[in-house]
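I have placed the structure first, in the form of structure tokens, so that the comments after it can refer back to it.
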Amino acid sequence: MSIVKKVTTHVVSTPIKHPFQSSRGWLYKTRGTCLVEIETQDGIVGWGECYGPSAVAKAFIDTQLGPRVIGRDAFDVEVVWEDLYNRIKDYGPKGMSIAAISGIDIALWDIMGKATGKPVHKLLGGAFRNDVLAYATGLYFTDMDRLVPEAVEEAQGYVKAGFKAIKMKIGLGSMERDIERVAAVRKAIGPDIRLMVDANHCFSVPTAIRLGRKLEELGIEWFEEPISPEDIDGYVEVSRALDMAVAGGENEFTRWGFREAIVRKAMDIVQPDVCAAGGLSECKKIATLAITHGVECVPHAWGSAVGLAATIHFLAALPDQPPSLFPFSPMLEFEQEENPFRDHLALEPIRQVEGRVKVPTGPGLGVEIDRKIIDRHRVA
Ligand code: MG
């Protein structure tokens, strides 16, 4: 038994030196997150993380969800999940309410691991791999006067650092500019580095299809979020029109949210975020649903060391699709823009070597939290 005694939320934020943006048009000037700390009666502490506006996640947990977890056994993680979801779904079957549940769920898995002395991936059914191939997410828009050279230089930096796969942002307002930038990056990194593009849903269906056909000539592996996430019919059209894989789902939530996209094969790859879509408990179900329908599950990740570690355990426990002698295993999204909470929140930071990241083997998530970082950057 690991009975929950206390649920605490920590909202942290810090300004960054080099603000950046994607086609969403949001200028990222700070990095931050909402961390969930759950303590049991016998003194075990578990950590979780919520994706999205941190103060909103905190409000959901502090006022609605946290009090319902007090007195529950962490090993009843599925029972707790159903209770929290059924409490909140009338007001928030998607969005920040589910991100809040995700943070609690991850912390409960961390507790179960620490209570049993096992890493989370063992509790999820075991690791299919001891390390995961990581791709660098970057190549946002920073210097609007140097969009092509800055992308080329950044991509070359990732290759030099050992990455074998890179994902770049597109959506510069003209097809010619996007193609010029992607082509320059492809030329600079050569044909052997895997390259993906992410439009953050800025295109219409016809534009996405026309652009996608040109991107296919540049050896792009997947086209992420070509169009708006609500338009499942549109995703079906784009997916059928293009030979390349179409990906999406970082802004979808729960098995019910993913159901239609998966059943209709609107996407070749679904990308649930463990800190948003419902935690490890729910993402395991989403992955099973995807596998059942011949859709790949390659999780989205954009968080601190806590969310990153949870994502790595989830990936370790995902079978290859399809299983083969030389499989294309699901990759880890290793976002590379400035983020002290990714790099310094864990006493032992998560690193890539030659483009691979080792699956943590310590109990729970396998990361030890540096409380000084939380205290220094706490805003709520
Ligand atoms: Mg994305």
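Where helices (runs of 4 or more DSSP H) fall entirely within region 132-216, those with at least 3 residues that are touching a residue at least 12 places away in the same chain (Cβ under 8 Å) and touching a strand residue (DSSP E or B) at 6+ places or on another chain (Cβ under 7 Å) are at 147-161, 175-189. For region 255-272, a residue qualifies if it is closer than 17 Å to Leu318 by Cα and within 16 Å of the ligand (Cβ to nearest atom), and the qualifying residues are Asp268, Ile269, Val270, Gln271, Pro272. Within region 311-324, residues that are within 20 Å of Ser281 (Cβ to Cβ) and in contact (Cβ under 8 Å) with a residue 24 or more places away in the chain reach partners that are of a type outside the set (A, V, I, L, M) and outside any loop (DSSP other than H, G, I, E, B) with beta carbons closer than 7 Å, at six or more positions or on different chains, in the pairs His313/Pro119; His313/His121; Phe314/Cys283; Ala316/His121; Ala317/His121; Leu318/Cys297. Of all the listed residues (Asp131, Asp143), the sole one being within 19 Å of the chain's Cα centre (by Cα) and either of a type in the set (D, E, K, R) or open to solvent by 10 Å² or more (accessible area, probe 1.4 Å) (or both) is Asp131. Looking at this structure, is Trp222 open to solvent by 10 Å² or more (accessible area, probe 1.4 Å), of a type in the set (Phe, Trp, Tyr) and modelled with pLDDT of 95 or more? No: the conditions fail for Trp222. Figure legend. Inter-residue proximity from region 230-258: first residues under 18 Å from Pro93 (Cα atoms) and touching a residue at least 60 places away in the same chain (Cβ under 8 Å), second residues crowded, with 21+ Cβ neighbours inside 10 Å and β-branched (Val, Ile, Thr), beta-carbon distance below 8 Å, spacing 6+ or different chains. Indicated pairs: Glu252/Val270; Phe253/Ile98; Thr254/Ile98; Thr254/Ile286.
To keep it simple, each residue is scored yes or no on (1) surrounded by 14 or more Cβ atoms within 10 Å (Cβ to Cβ); (2) polar (S, T, N, Q); (3) within 25 Å of Gly162 (Cβ to Cβ).
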site: Pro322; (1), (2), (3): no, no, no
site: Phe326; (1), (2), (3): no, no, yes
site: Pro330; (1), (2), (3): yes, no, yes
site: Arg342; (1), (2), (3): yes, no, yes
site: Arg351; (1), (2), (3): no, no, yes
site: Thr361; (1), (2), (3): no, yes, yes
site: Lys372; (1), (2), (3): no, no, no
site: His377; (1), (2), (3): yes, no, no
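So which residues in region 24-82 are touching a residue at least 24 places away in the same chain (Cβ under 8 Å) and among the aromatic types (Phe, Trp, Tyr)? Selection gives Tyr28, Trp47, Tyr51, Phe60, Phe75, Trp81. The selection criterion, being surrounded by fewer than 23 Cβ atoms within 10 Å (Cβ to Cβ), touching a strand residue (DSSP E or B) at 6+ places or on another chain (Cβ under 9 Å) and part of a helix (DSSP H, G or I), does not hold for Gly234.
The values are calculated or read from the model by the stated rules, or taken from the named source; none is laboratory data. Bear in mind the structure is a predicted one, so any value in this text is a computation, not a measurement. Cβ atoms come from the backbone with ideal geometry, glycine included; neighbour counts cover every protein chain shown. Calculation scope for accessible area: heavy atoms of the full protein, side chains included, ligands and nucleic acids excluded. Shrake-Rupley method; radii C 1.70, N 1.55, O 1.52, S 1.80 Å.
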